[in-house]
Amino acid sequence: MNLEFNPNAELDPDMINEDPLREIYVESIIENPEREENYDQQHIALLVIDMQYLDAARGHGVFAETGKSGVPPEAEEYYFHMLENYVVPNIQKLQTLFRKRKIEVIHTRIQSLTQDGRDRSPGHKRLNLLAPPGSKDAEFLEEIAPVGDEIIINKTASGVFTSTNMEFVLKNMGINTLFICGVYTNECVSTTVRDASDLGFYVNLIEDACTTVTEEFHNFTIQILRDRYARVLTTDEAIEELSQKIPAKVK
């Protein structure tokens with residue numbers, strides 16, 4: 001649909017595509033002094049979203065057969081190129097730093113409570129997304145899998161906050177600041193970022209540690225979330241900031 005808008009002579013046409021609320025959001029959410037006051041090990045967590053065989057491994061889950069996932073082969077190749085060359089290595093870097101600094105690393109994954117998935121959300125049933133307990137599809141990618149007793153939150157919907165006790169768990173631990181990465185940028189990652197922001201969490205989205213099936217979807221989602229629902233950082237920026245502000249803990 002290509003609809004034209006012709007403002008009257010009293011309106012500035014250059015302002016049509018300007019975000020009129022950007023300064024308000026930046027001041028109240030991104031630059032809020034309370035964000036800085038709570039910047040320590042006890043209040044921060046790395047949230048890694050759905051880095052599992054179901055949706056992040058070649059030849060498995062929704063990508064078991066090339067071209068039959070509904071995603072064209074070209075888009076699949078783009079997705080896995082970004083995963084293998086950027087997202088997984090960057091998540092590894094983030095996990096290494098968070099673990100070294102003794103900061104919580106939390107993992108979400110798509111996994112039903114039952115083998116037949118009867119407990120899944122209606123959305124996942126319609127999409128035929130199923131990762132039963134104990135299945136290969138429910139396993140995390142080995143390179144970035146949970147270590148020790150890191151928390152795992154299982155879900156059967158796009159948003160982890162609306163479908164699990166995630167908020168309850170985070171508040172129990174006093175966590176109010178999240179660094180978010182994983183897949184897909186425009187689906188589970190975006191939903192989680194928006195919900196977390198609405199619930200009052202300070203959100204940092206790591207733009208080169210998440211991806212989706214097209215570059216356009218990824219970039220547009222980042223653009224929408226930036227400085228409104230989340231502060232957007234690169235992996236290197238996040239690591240530099242955390243390294244400077246949070247000293248390594250010695251056992």
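The values are calculated or read from the model by the stated rules, or taken from the named source; none is laboratory data. Every value quoted in this text rests on a predicted model; they were computed, and no experiment measured them. We place every Cβ from the backbone using ideal geometry, glycine too, and count neighbours over all the protein chains shown.
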* Structure fact -> Within region 62-91, the residues that are out of contact with any strand residue (DSSP E or B) (no Cβ under 8 Å at 6 or more places or on another chain), at pLDDT 95 or above and either crowded, with 22+ Cβ neighbours inside 10 Å or over 20 Å from His218 (Cβ atoms) (or both) are none
* Taking into account only those residues within region 135-151 that are in a helix (DSSP H, G or I) and among the acidic types (Asp, Glu), which is farthest from Arg99 (Cα to Cα)? -> Asp137
* For region 140-165, what are the residues that are free of Cβ contacts under 8 Å to residues at least 40 places away in the same chain and in contact with a Leu (Cβ under 9 Å, 6 or more places away or on another chain)? -> Phe161
* To do: For Gly174, state whether it is out of contact with any helix residue (DSSP H, G or I) (no Cβ under 8 Å at 6 or more places or on another chain), surrounded by fewer than 20 Cβ atoms within 10 Å (Cβ to Cβ) and modelled with pLDDT of 95 or more.
  => no
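Specify the residue that is nearest to Glu36 (Cα to Cα); the eligible residues are those in region 194-219 that are assigned to a strand (DSSP E or B) and aliphatic (A, V, I, L, M).
Val203
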* Could you please let me know if Ser190 is surrounded by 15 or more Cβ atoms within 10 Å (Cβ to Cβ), outside any loop (DSSP other than H, G, I, E, B), among the polar types (S, T, N, Q) and at pLDDT 95 or above? => yes
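Of everything in region 200-236 that's in contact with an Asp or Glu (Cβ under 6 Å, 6 or more places away or on another chain) and more than 26 Å from Gly70 (Cα to Cα), which residue is surrounded by the fewest Cβ atoms within 10 Å (Cβ to Cβ)?
Residues of region 200-236 that are in contact with an Asp or Glu (Cβ under 6 Å, 6 or more places away or on another chain), as a first pass: 222, 232, 234-235.
Retained after the next criterion (residues that are more than 26 Å from Gly70 (Cα to Cα)): 232, 234-235.
Values: Val232: 19, Thr234: 13, Thr235: 22.
The selected residue is Thr234.
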